[in-house]
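Remarks on the structure that follows.
The values are calculated or read from the model by the stated rules, or taken from the named source; none is laboratory data. Everything quoted here is computed from the prediction, not taken from an experiment. Cβ atoms come from the backbone with ideal geometry, glycine included; neighbour counts cover every protein chain shown. Calculation scope for accessible area: heavy atoms of the full protein, side chains included, ligands and nucleic acids excluded. Shrake-Rupley method; radii C 1.70, N 1.55, O 1.52, S 1.80 Å.
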Amino acid sequence: MTHDHDLVLRPTPAQISAALNPPAGRIGGDLVVETLAALGATTVFGLPGQHALGMFDALRRSSLRYVGLRVENNAGFAADAYGRITGEAAPLLLSTGPGALTSLAALQEAAAASAPVLAIGSQVPTAGLGGGRHGYLHELPDQAASFRGVVKSVHTVRTQSQIPSAIEAAWKSALSVPHGPVWVEIPQDVLLAPTSIPVVTGGDAFPEELAPRPELTAVAAHLLSGAARPAIIAGGGVVRSDASGKLRQLAELLRAPVVTTPGGKGAFPWTHPLSMQSWLEDRHTTDFLEDADVLLVVGSGLGELSSNYHTFRPRGRVVQIEADLGKLESNHPALGIHADARLALQALLETVRERQDDTAPERVRELLARVSRRIASQELTLEQELLASVRRALPDDSPSFWDMTVLAYWAWSAFDPRTPNSMHSAQGAGGLGYGFPAALGAAAADPTRPVLAVSGDGGALYSIAELATARQYGLDVTWLIVDDGGYGILREYMTDAFGEPTATELTRPDYVALAESFGVPGVLTSAGTLEADLAKALATPGPSVVVLPAVLRMFAPTHLDGERPEAGR
């Protein structure tokens with residue numbers, strides 16, 4: 001019996017001839033870029049280094065577009081954003097040792113946010129693999145060990161013939177749900193040696209799908225259809241699987257209110273009658289979710305930020321759809337469904353019964369009113385006006401990238417992204433320096449729309465060198481730097497905890513003059529002129545910097561002892 005998978009396409013005479021007579025002058029690095037192109041890659045990010053020069057030389061003979069950043073970690077953030085925007089695996093080319101290790105913080109963010117990044121680094125010559133201490137430049141006893149706790153999979157190449165298969169396996173791993181970063185390392189001598197291996201022209205770029213178990217979705221549909229007060233928490237998995245439309249259909253069928261996590265921003269329309277928006281750091285929202293008799297959690301592990309700092313205690317049944325097996329029921333007992341959010345939501349749409357409930361929109365309005373009253377009582381007008389100014393200035397379909405700064409913490413709860421997959425931040429791993437280099441990656445992915453980056457002055461100094469990258473490639477990114485003279489959120493945390501801050505104050509440059517020294521237009525703005533200055537910068541092609549001197553405050557937390565507000569207040 002012949003099975004479909006036993007069939008092998010016969011090569012044509014032309015293909016046989018090309019394979020027997022590959023072009024002269026190719027080296028191992030050519031096999032890397034040829035494999036990437038065969039898998040569908042069009043753009044690569046990175047930074048050259050001595051051991052990796054074989055890959056970078058091969059780029060000259062390739063159709064791949066190269067975007068080079070000034071720091072490996074920033075190159076990783078750019079690749080992360082490219083993967084989030086396109087849904088494709090973003091190649092990241094790095095060198096051995098210091099170059100590779102400098103990317104780890106960015107790869108941790110990609111792992112936490114399920115962004116597909118294909119990191120390919122060089123290694124010491126083959127003779128140095130296995131832990132021998134030969135004294136090669138950049139040598140580590142086990143470089144791959146540094147990545148195993150960060151990325152989805154690690155692939156070490158030892159010969160040129162292994163390159164195409166290793167990269168293809170890594171590509172599939174990066175794009176298999178949950179998406180994430182992967183690591184491939186190739187010795188210097190393998191990359192530099194001449195090769196007679198035929199040009200790589202094909203590859204299987206399609207990972208297997210993760211479908212839900214039908215008996216589990218049948219039970220979930222039964223629970224949701226019969227619920228009296230269903231509710232939905234939508235996480236980043238909904239965004240990554242492009243399932244926002246299916247989520248809306250299901251919520252409307254069930255008349256179920258929806259709240260989105262910081263990573264799930266944009267998964268559900270902000271102004272929809274069933275939208276609880278993103279106020280997860282609020283006890284009123286926590287109480288509402290705890291009162292649900294059936295709670296559907298889609299694409300979220302209900303971690304710290306998504307559970308009001310682990311104070312959430314559901315009283316009803318929890319149904320959790322999660323592609324990351326390690327996050328399934330990791331915080332709360334549930335009917336756990338290990339599946340891609342899109343496929344699981346489709347299965348539920350095919351089996352749930354429509355509910356009739358005219359009270360849900362009114363309950364949502366009452367909730368949002370209580371949240372609004374709580375925020376209004378804290379006299380945080382400046383912060384709310386600034387966020388509103390940013391929203392009015394930013395075109396609806398333009399993506400925004402937020403660093404770890406006070407205004408971003410506000411945005412997690414209070415910013416309306418307006419379109420799916422348009423608001424991104426470093427809340428997954430929580431490292432500084434994400435906003436601007438990530439925005440550069442997004443601009444490289446889609447040059448038809450301006451991109452906004454938002455940083456504090458502390459985070460800005462992590463990536464200030466990338467102003468040169470923005471100018472070199474003419475990337476259309478407007479960078480808003482909120483200058484409060486230090487690490488603002490840490491200043492606030494320390495003052496609250498200890499009475500005064502330590503190590504949070506910073507001497508900083510004149511950011512406008514610094515931007516202009518790179519040939520990037522800069523403007524000093526104020527709360528009153530922010531909207532106009534941002535709108536003008538976003539409407540002007542190419543990079544620009546807008547600097548806002550302002551000291552912002554966070555809204556009061558509700559997860560601390562004694563901070564639980566009374567219902568209706």
Residue hits (segment 347-390; in contact with a Lys or Arg (Cβ under 8 Å, 6 or more places away or on another chain), within 30 Å of THR86 (Cα to Cα) and among the charged types (D, E, K, R)) are none
Of everything in segment 126-164, what is under 26 Å from ILE197 (Cβ atoms), in a loop (DSSP other than H, G, I, E, B) and not small (Gly, Ala, Ser)? Give them in sequence order. LEU129, TYR136, GLN143, VAL157, ARG158, THR159
With respect to the numbered conditions (1) hydrophobic (A, V, I, L, M, F, W, C); (2) free of Cβ contacts under 8 Å to residues at least 40 places away in the same chain; (3) out of contact with any helix residue (DSSP H, G or I) (no Cβ under 8 Å at 6 or more places or on another chain), which one is the sole condition not fulfilled by PHE268? (3)
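Out of the residues in segment 306-341 that are polar (S, T, N, Q) and in a loop (DSSP other than H, G, I, E, B), which is nearest to LEU175 (Cα to Cα)?
Going residue by residue through segment 306-341, those that are polar (S, T, N, Q) are 306-308, 311, 320, 330-331.
Add one more test, that the residue is in a loop (DSSP other than H, G, I, E, B), and what stays is 308, 311, 330-331.
Numbers: ASN308: 30, THR311: 33, SER330: 23, ASN331: 26 Å.
Step by step, filter segment 306-341, then rank; the result is SER330.
Would you point out which residue out of GLY499, GLY474 is under 29 Å from the mean Cα position of the chain (by Cα), at positive phi and of a type outside the set (A, V, I, L, M, F, W, C)? Please lay out each step first, then the result.
Working: GLY499 fails: under 29 Å from the mean Cα position of the chain (by Cα).
Exactly one of GLY499, GLY474 is under 29 Å from the mean Cα position of the chain (by Cα), at positive phi and of a type outside the set (A, V, I, L, M, F, W, C), namely GLY474.
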Selection from segment 342-357 of residues that are touching a residue at least 40 places away in the same chain (Cβ under 8 Å) and not in a helix (DSSP H, G or I): THR351, VAL352, ARG353, GLU354, ARG355, GLN356, ASP357
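With segment 471-569 as the region, which helices (runs of 4 or more DSSP H) entirely inside it contain at least 3 residues that are aliphatic (A, V, I, L, M) and modelled with pLDDT of 95 or more?
Working: elements: 488-498, 511-517, 530-539.
Where helices (runs of 4 or more DSSP H) fall fully within segment 471-569 and carry at least 3 residues being aliphatic (A, V, I, L, M) and modelled with pLDDT of 95 or more, they are 511-517, 530-539.
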I'm trying to understand the selection: among the residues of segment 21-52, which are under 30 Å from the mean Cα position of the chain (by Cα) and either free of Cβ contacts under 8 Å to residues at least 12 places away in the same chain or closer than 16 Å to GLN160 by Cβ (or both)? GLY29, ASP30, LEU31, VAL32, VAL33, GLU34, THR35, LEU36, ALA38, HIS51, ALA52
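Okay, residues lined up against (1) touching a helix residue (DSSP H, G or I) at 6+ places or on another chain (Cβ under 6 Å); (2) more than 11 Å from ILE233 (Cα to Cα); (3) surrounded by 24 or more Cβ atoms within 10 Å (Cβ to Cβ); (4) without any contact (Cβ under 8 Å) to a residue 40 or more places away in the chain:
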| residue | (1), (2), (3), (4) |
| --- | --- |
| LEU247 | yes, no, yes, no |
| LEU254 | yes, yes, yes, no |
| PRO257 | yes, no, yes, no |
| THR261 | yes, no, yes, no |
| LEU274 | yes, yes, no, no |
| ASP282 | yes, yes, yes, no |
| ASP293 | no, yes, no, no |
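Go through segment 332-367 and give me each residue that's of a type in the set (Lys, Arg) and over 24 Å from the mean Cα position of the chain (by Cα). Show your work before the answer.
Filtering segment 332-367 for residues of a type in the set (Lys, Arg) gives 342, 353, 355, 363, 365.
Correct list: ARG353, ARG355, ARG363, ARG365.
Would you mind finding the one in ILE232, ILE167 that is assigned to a strand (DSSP E or B), in contact (Cβ under 8 Å) with a residue 60 or more places away in the chain and β-branched (Val, Ile, Thr)? Let's see the steps before the verdict.
On the way: ILE167 fails: assigned to a strand (DSSP E or B).
Going through ILE232, ILE167 in turn, just one is assigned to a strand (DSSP E or B), in contact (Cβ under 8 Å) with a residue 60 or more places away in the chain and β-branched (Val, Ile, Thr): ILE232.
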Would you please name the residue that is nearest to GLY435 (Cα to Cα), looking only at residues in segment 105-151 that are open to solvent by less than 40 Å² (accessible area, probe 1.4 Å) and of a type in the set (Asp, Glu)? GLU109
Just one of ARG315, ARG240 is within 21 Å of the chain's Cα centre (by Cα), at pLDDT 95 or above and open to solvent by 30 Å² or more (accessible area, probe 1.4 Å); which is it? ARG240
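Assess whether ALA334 counts as being among the small types (Gly, Ala, Ser), in contact with a strand residue (DSSP E or B) (Cβ under 8 Å, 6 or more places away or on another chain), touching a residue at least 24 places away in the same chain (Cβ under 8 Å) and open to solvent by 20 Å² or more (accessible area, probe 1.4 Å).
Values: among the small types (Gly, Ala, Ser): yes; in contact with a strand residue (DSSP E or B) (Cβ under 8 Å, 6 or more places away or on another chain): yes; touching a residue at least 24 places away in the same chain (Cβ under 8 Å): yes; open to solvent by 20 Å² or more (accessible area, probe 1.4 Å): yes.
It is true that ALA334 is among the small types (Gly, Ala, Ser), in contact with a strand residue (DSSP E or B) (Cβ under 8 Å, 6 or more places away or on another chain), touching a residue at least 24 places away in the same chain (Cβ under 8 Å) and open to solvent by 20 Å² or more (accessible area, probe 1.4 Å).
For (1) surrounded by 23 or more Cβ atoms within 10 Å (Cβ to Cβ); (2) at pLDDT below 95; (3) at positive phi; (4) among the small types (Gly, Ala, Ser), each residue gets a yes or a no:
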position	(1), (2), (3), (4)
LYS172	no, no, no, no
VAL182	yes, no, no, no
ALA211	no, no, no, yes
ALA234	yes, no, no, yes
GLY264	yes, no, no, yes
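State which residue is nearest to ARG418 (Cα to Cα) when the search covers only segment 257-292 and only residues that are of a type in the set (Phe, Trp, Tyr) and in a loop (DSSP other than H, G, I, E, B).
From segment 257-292, those of a type in the set (Phe, Trp, Tyr) are 268, 270, 279, 288; that's our starting set.
Next, only the ones that are in a loop (DSSP other than H, G, I, E, B) stay: 268, 270, 279.
Values: PHE268: 9, TRP270: 7, TRP279: 16 Å.
Filtering segment 257-292 for residues that are of a type in the set (Phe, Trp, Tyr) and in a loop (DSSP other than H, G, I, E, B), the one nearest to ARG418 (Cα to Cα) comes out as TRP270.
Take the conditions under 30 Å from VAL319 (Cβ atoms) and surrounded by fewer than 18 Cβ atoms within 10 Å (Cβ to Cβ) and apply them to ALA205. Does it pass? First the steps, then the outcome.
Numbers: under 30 Å from VAL319 (Cβ atoms): no; surrounded by fewer than 18 Cβ atoms within 10 Å (Cβ to Cβ): yes.
No.
Quick test for you: out of VAL44, VAL32, pick the one residue that is outside any helix (DSSP H, G or I) and of a type in the set (Val, Ile, Thr).
Working: VAL32 fails: outside any helix (DSSP H, G or I).
Going through VAL44, VAL32 in turn, the sole match is VAL44.
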Out of all the residues in segment 71-91, is one or more open to solvent by 10 Å² or more (accessible area, probe 1.4 Å), in a loop (DSSP other than H, G, I, E, B), touching a residue at least 60 places away in the same chain (Cβ under 8 Å) and more than 28 Å from GLY263 (Cβ to Cβ)? no
Quick check on my filter: what residues within segment 175-193 are among the β-branched types (Val, Ile, Thr) and either farther than 30 Å from ALA211 by Cα or part of a helix (DSSP H, G or I) (or both)? ILE186, VAL190
For segment 533-546, give me the residue count where each residue is hydrophobic (A, V, I, L, M, F, W, C) and without any contact (Cβ under 8 Å) to a residue 60 or more places away in the chain. 1
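So which residues in segment 213-232 are open to solvent by 20 Å² or more (accessible area, probe 1.4 Å) and small (Gly, Ala, Ser)? Show your work before the answer.
The first filter runs over segment 213-232 and keeps only residues open to solvent by 20 Å² or more (accessible area, probe 1.4 Å), leaving 213-216, 218-219, 222-223, 226, 228-229.
Within segment 213-232, ALA218, GLY226, ALA228 qualify.
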